[in-house]
Amino acid sequence: MNNNYATIPEMFLDVCERYGDKDVYGYKQKGAWSTLSFRDVRREVEELAHGLASLGVDRGDRVAILSNNNPHWAMGDYAITSMGGVTVTVYPTLPPAQIQFILDDSQSRAIFVENREQADKVLEFFDQSKFLERMIVMNDDRLSKDNVHTFHDLLEMGKAGKESAAFDFLERANSVAPDDLLTLVYTSGTTGDPKGVMLTHNNLISNVRSALQTIPMNENDVFLSFLPLSHSFERMAGHYTAFTVGATVYYAESIDTVAENISEVRPTVMTSVPRLYEKMYARVLEKVASDPPLRQKIFWWAVRVGRKAVEYRQRNRPLPVGLKMKFSVADKLVFSKLKQRLGGRLRFFVSGAAPLSAEIGEFFASADIMILEGYGLTETSPVMTVNRLESFKFGTVGMPIPGVEVRIADDGEILNRGPNNMKGYFKSEEATREVIDDEGWLHT
């Protein structure tokens with residue numbers, strides 16, 4: 001696997017070439033799973049880029065995406081960034097006024113929306129918007145309004161644009177530079193309007209590279225993606241990192257179907273926030289509480305055995321023969337059933353965005369289900385630190401990732417310095433100076 005890419009388009013083109021007919025995205029339609037290959041995605045991304053160019057979108061222009069996770073989100077992002085544009089991510093749960101603020105502040109010229117429901121939010125201010133010129137509806141709902149196109153229309157425009165060769169896709173993709181702006185991600189902050197965090201190609205690529213030096217992932221991995229792609233954690237881990245290694249990403253139908261989708265997709269890697277693990281933990285304890293006394297006894301015996309085994313794993317020491325035999329019995333009687341409910345192939349979970357309780361981390365590790373907790377923020381692309389499979393401690397966020405320096409200031413504030421530090425806040429040098437000091441330390 002090549003992991004020396006300098007930009008997202010360079011990575012995208014090389015990986016598509018390398019993996020060709022392998023499945024990259026899975027999504028559910030009318031109750032059945034469908035897939036797209038790297039080759040399919042490469043073709044559609046080029047057509048989308050030509051389509052955007054024929055609508056007047058140019059290098060450096062901002063294009064927003066307002067949608068839940070799906071392959072069109074991913075392909076829209078690659079199309080925007082491969083033509084030297086900047087993707088502005090918008091949470092699909094936001095109300096019209098907040099969406100308008102982000103689009104106006106970022107001066108977005110076009111927006112991809114998931115469906116009619118999201119389109120209606122944008123239509124409330126579309127005609128008054130100073131910058132917004134075009135809207136593309138991803139699920140092909142037709143709106144009888146000028147400057148609103150369907151995803152299919154855009155692909156067709158792209159095919160026609162390719163013939164007229166208004167711009168050369170490969171030449172444009174290859175001319176993107178590491179320090180070029182890749183994306184604007186708006187963070188709410190505690191007070192005032194949200195600020196646009198400027199992340200470059202190098203910011204995200206460096207974070208992907210460090211993540212892969214820290215946590216092993218490869219083309220045999222299967223991800224289930226349900227955290228919003230508009231959030232930097234899922235964008236870096238479940239979108240760019242998964243793609244870089246040639247893994248397959250299945251998109252959960254919704255947050256409510258995650259449990260069902262896990263058993264269908266049988267992921268090997270999943271990123272989530274602690275809330276999911278808390279719910280899973282509560283469900284397991286609820287089930288155990290309703291079991292007959294003997295089964296409860298066996299369960300808690302297995303957990304105790306698992307905890308002992310974890311102590312050896314934390315010290316990278318082999319299990320003594322007696323403990324190894326007990327663990328094998330505990331696995332057969334208890335843990336294997338838990339793992340089966342997670343599809344039976346899970347190698348590990350990754351947790352971020354909020355603190356995970358040590359009790360939950362330890363419980364799952366005892367059952368041979370690792371949750372690797374990390375820490376970071378949008379401004380750090382986002383990962384700063386993470387636990388490793390070979391080096392972990394419950395109730396902590398692990399060690400800094402390679403290439404990143406973390407230190408604690410005298411007043412206890414966490415400071416970060418490295419290639420993952422944002423370029424700054426969009427159109428706000430003053431706010432940028434408040435968080436990044438003269439020595440390049442970002443004050444979290």
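The values are calculated or read from the model by the stated rules, or taken from the named source; none is laboratory data. Note that the structure is a prediction, hence the values are computed from the model and not measured. Positions of Cβ are backbone-derived with ideal geometry, glycine not excepted, and every protein chain shown enters the neighbour counts. Accessible surface is based on the protein model in full, side chains and every heavy atom, while ligands, DNA and RNA are left aside. Shrake-Rupley method; radii C 1.70, N 1.55, O 1.52, S 1.80 Å.
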> Pick from Lys162, Lys30, Lys423: which is most flexible by mean-square fluctuation in a GNM of the chain where alpha carbon atoms under 10 Å apart are linked?
Replying inline: Lys30
> Nearest-5 percent of antiparallel DSSP beta bridges in the range 1-98?
Replying inline: 55 percent
> On a 0 to 90 degree scale, rounded to 10, what angle separates helix 274-289 from the longest Cα axis of the chain?
Replying inline: 40 degrees
> Using a Förster distance of 41 Å, how high is the FRET efficiency between Glu171 and Glu413, based on the Cβ-Cβ distance and rounded to 0.05?
Replying inline: 0.35
> Given the pairs Lys121/Lys195; Lys30/Lys159; Lys22/Lys287; Lys159/Lys427, which are separated by over 31 angstrom at their Cα positions?
Replying inline: Lys22/Lys287; Lys159/Lys427
> Volume per residue, Å³, of the convex hull around the alpha-carbon atoms of the chain?
Replying inline: 159 Å³
> For the range 92-97, what does the Karplus curve 6.51 cos²θ - 1.76 cosθ + 1.60, with θ = phi - 60°, yield as ³J(HN,Hα) per residue in whole Hz, taken in order and with x for Gly and Pro?
Replying inline: x, 8, 6, x, x, 4
> Can you list residues whose amide H is under 5 Å from Leu372's amide H, if they're 5+ apart or on another chain and H is modeled 1.01 Å from N?
Replying inline: Phe349, Val350, Ser351
> Between Thr385 and residues 5 or more places away or on another chain, which pairs have amide H atoms under 5 Å apart, with H built 1.01 Å from N, and which residues are they?
Replying inline: Tyr375, Ile401
> Whole-Hz Karplus ³J(HN,Hα) for the range 364-369, in order, using 6.51 cos²θ - 1.76 cosθ + 1.60 and θ = phi - 60°, x for Gly and Pro?
Replying inline: 5, 4, 4, 8, 6, 10
> Once the piece of chain linking Arg116 and Asp437 is laid out straight, how much longer is it, given 0.36 nm per residue of separation minus the C-alpha distance between them?
Replying inline: 111.1 nm
> What FRET efficiency do you get for Glu124 and Ser336 if R0 is 56 Å and r is their Cβ-Cβ distance, rounded to the nearest 0.05?
Replying inline: 0.60
> Which distance in Å, rounded to a whole number, links the C-alpha centroids of the range 248-316 and the range 100-145?
Replying inline: 40 Å
>> What do you get for the angle between helix 321-330 and the principal long axis of the chain? Use alpha-carbon atoms, 0 to 90 degrees, nearest ten.
In response: 60 degrees
> Over the range 102-142, what relative contact order in percent results from Cα pairs under 8 Å that are six or more residues apart?
Replying inline: 56 percent
>> Computing the accessible area with a 1.4 Å probe over protein heavy atoms, can you report the carbon and sulfur percentage for the chain?
In response: 49 percent
>> If amide hydrogens are placed 1.01 Å from N in the peptide plane, which non-local residues have theirs closer than 5 Å to the one on Ile111?
In response: Ala64, Arg134, Met135, Ile136
>> Loop only by DSSP, 10 or fewer other Cβ within 10 Å of the Cβ. Give me the trypsin sites (Lys or Arg not before Pro) in the range 76-140 that pass, ordered by residue number.
In response: Lys130
>> Per residue of the range 143-150, what does 6.51 cos²θ - 1.76 cosθ + 1.60 with θ = phi - 60° give for ³J(HN,Hα)? Whole Hz please, x for Gly and Pro, Karplus curve as stated.
In response: 10, 7, 8, 4, 6, 10, 10, 8
> How much accessible area per residue does the chain have, in Å², with a 1.4 Å probe?
Replying inline: 44 Å²
> At what distance in nm do the modelled label points of Arg266 and Glu429 sit from each other, each positioned 7 Å from its Cα along Cα→Cβ?
Replying inline: 5.8 nm
> So what is the calculated 222 nm ellipticity per residue for the chain, using -39500 (n - 2.57) for each DSSP H run with n of 4 or more, over all residues, to the nearest 500 deg cm²/dmol?
Replying inline: -12000 deg cm²/dmol
> How far, in degrees from 0 to 90, does helix 201-214 lean away from the longest principal axis of the Cα atoms of the chain, to the nearest 10?
Replying inline: 20 degrees
>> Test of the criteria: in the range 338-444, which GluC sites (Glu not before Pro) are in a DSSP loop and have at most 10 other Cβ atoms within 10 angstrom of their Cβ?
In response: Glu390, Glu439
> Using a Förster distance of 35 Å, how high is the FRET efficiency between Ser328 and Ser34, based on the Cβ-Cβ distance and rounded to 0.05?
Replying inline: 0.30
> Which of Phe126, Gln107, Gly344 sits closest to the plus end of the dipole of the chain, meaning its Cα is farthest towards the positive end, when Lys and Arg get +1 and Asp and Glu get -1 on the C-beta?
Replying inline: Gly344
> Please state the relative contact order of the chain as a whole percent: Cα pairs under 8 Å, 6+ residues apart?
Replying inline: 14 percent
